[in-house]
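Everything below concerns the one structure shown next.
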Amino acid sequence: MEEQTGKKVILSGIQPTGTFTLGNYIGAVRNWDRMQQDYDCAYFVADLHSLTVRQEPGALKKNTLEAVALLLACGIDPEKSLLFVQSHVRAHAELGWILDCNALFGELTRMTQFKDKSAQHADNVNAGLFTYPVLMAGDILLYQADYVPVGADQKQHLEFTRNLAERFNNLYGEVFKVPEPYIAKNGARVMSLQDPTRKMSKSDENLNGFVSILDEPNVIMNKFKRAVTDSETEVVYREGKDGINNLMTIYSVITGKSYDDITAEFAGKGYGDFKKAVGEVVVDALAPIREEFGRLIQDKAYLEKVCKDGAAKASYVAEKTLTKVKKKVGLYIVK
Ligand code: ATP
Ligand code: LTN
């Protein structure tokens, strides 16, 4: 990608495990849109990753096309960026296997997402859940990405990717660019509205814990109204005020106001007024996305064309790296 334009390469993915949350939007997708100006970007729907948790096949299929429509609705432009579905580009699974054979059991055991998800899904601690970060490393390394914009929860996987790339390059000779994480200073970890010590997650059982980017305005307002705060009254960012800190982060990211400005704005008012204001800016920010999604999801032919074109372009880039890797490790290639 970089070869053609000289721009740095950005790559990121999102799992089709449900409608994106406000956390996905603020921590990741919102920034992906902005980066399209200055970088060569590749964004994809990580359907293979979502298989690490039991999915209802019909729902996965539906969620995958919806995820493509959501990315488009959030401003990802297939004319500017690569936009594709992971399983449509075979190189991901193939490189995943080669990298599996260079990843260490010990380092994968330390991944906190693995620990969390195996506790959450104790009846299905499968091998894919364990090697999830290796598949993710392959996604990134195939496109020789410079930066990977993700939420803070993915930082450890990025460190793992860097170690794996360096190990591979040392063993077999330079093949992979060693990527850097790109984590927003503010909003990289939006917390649950019901338990502000846990991250907001689209697979949360408590529906009031997350705002989906397609929620109706009245649903959004109600979720903020019910958001857990504390027994004080002052809107100020301070340790121990997890609920208020989270609402201030959301408000600050969307309006661009600083924490001090926000404290001044709500001086002498109660939490009720503040929650209402946060709800309102979120409703306004998400309205155009919901509208655009409503239009796009009707047009299946267009969405499928985006997938097809994206897969063809992405395969071209990915195959180049994969062929180099195969040669380096000594797999026999016949032309
Ligand atoms: P699941 O709940 O199914 O595990 P998820 O909501 O964590 O999904 P992912 O598809 O795993 O979503 O993540 C997509 C992107 O959104 C990643 O870059 C991730 O870091 C980011 N992200 C996820 N949750 C949050 C959050 N609460 N705050 C900020 N960023 C987030
Ligand atoms: N693990 C990521 C999704 C993901 C990803 C990637 C992100 C899969 N492959 C490559 C960045 C780069 C998550 O958000 N849970």
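A short reminder: the numbers here are calculations on the coordinates, not readings from a lab. Note that the structure is a prediction, hence the values are computed from the model and not measured. Heads up, the Cβs are rebuilt from the backbone with ideal geometry, glycines too, and the neighbour counts pull from every protein chain shown.
The distance linking segment 19-65 with segment 164-182 is 25 Å (Cα centroid to Cα centroid, whole angstrom). Annotation for residue 231 and residue 312: the two label points, set 7 Å from Cα along the Cα-Cβ direction, are 6.5 nm apart.
Extension gain for the segment residue 302 to residue 332, taken as residue separation times 0.36 nm less the Cα-Cα distance, is 6.9 nm to one decimal.
Secondary-structure-derived ellipticity at 222 nm for the chain, considering helices only, amounts to -16500 deg cm²/dmol, per-run term -39500 (n - 2.57) for DSSP H runs with n ≥ 4.
The trypsin sites (Lys or Arg not before Pro) found in segment 228-307 that occupy coil by DSSP, while having at most 16 further C-beta atoms within 10 Å, are 238, 257, 269.
A DSSP coil position with no more than 14 other Cβ atoms inside 10 Å describes the following trypsin sites (Lys or Arg not before Pro) in segment 106-196: 110, 185.
Summing Lys and Arg as +1 and Asp and Glu as -1 over all other residues whose Cβ lies under 14 Å from the Cβ of residue 61 gives a net charge of -2. Based on C-alpha pairs under 8 angstrom that are at least 6 apart in sequence, segment 11-108 has a relative contact order of 36 percent. For the pair residue 219 and residue 324 in one chain, pulling the backbone fully straight at 0.36 nm per residue adds 32.7 nm over the alpha carbon distance. Pull out a ≥ b ≥ c, the square roots of the eigenvalues of the alpha-carbon gyration tensor of the chain, then state rounded if a/c is under 1.5, prolate if not and a/b is larger than b/c, and oblate in the remaining case. Taking the square roots of the gyration eigenvalues as a ≥ b ≥ c, the chain is prolate. Taking a ≥ b ≥ c as the square roots of the Cα gyration tensor eigenvalues, segment 162-316 comes out oblate, since a/c reaches at least 1.5 and a/b does not exceed b/c. Between residue 90 and residue 263, the distance separating the two model label sites (each 7 Å from Cα on the Cα→Cβ line) works out to 5.9 nm.
Placing +1 on the Cβ of every Lys and Arg and -1 on the Cβ of every Asp and Glu, with nothing else charged, gives segment 64-116 a dipole about its Cα centre of roughly 100 debye. The GluC sites (Glu not before Pro) of segment 205-272 that meet both conditions, a loop assignment by DSSP and at most 16 other Cβ atoms within 10 Å of the site Cβ, are 205, 232, 234, 239. Only beta bridges with both residues in the chain are counted; by DSSP, about 10 percent of them are antiparallel.
Once the Cβ-Cβ distance of residue 34 and residue 281 is raised to the sixth power relative to R0 = 25 Å, the FRET efficiency obtained is 0.90.
The relative contact order of the chain, computed from alpha carbon pairs under 8 Å that lie at least 6 residues apart in sequence, is 22 percent.
Please label the shape of segment 113-208 as rounded, prolate or oblate, based on the square roots a ≥ b ≥ c of the eigenvalues of the alpha-carbon gyration tensor (a/c under 1.5 means rounded; beyond that, a/b larger than b/c means prolate, else oblate).
In terms of gyration-tensor shape, oblate.
Here the calculated FRET efficiency for residue 59 and residue 102, from their Cβ-Cβ distance with R0 = 25 Å, stands at 0.15, rounded to the nearest 0.05. Residue 224 sits among other residues whose Cβ lies under 11 Å from its own Cβ, and their net charge, with Lys and Arg +1 and Asp and Glu -1, is +3.
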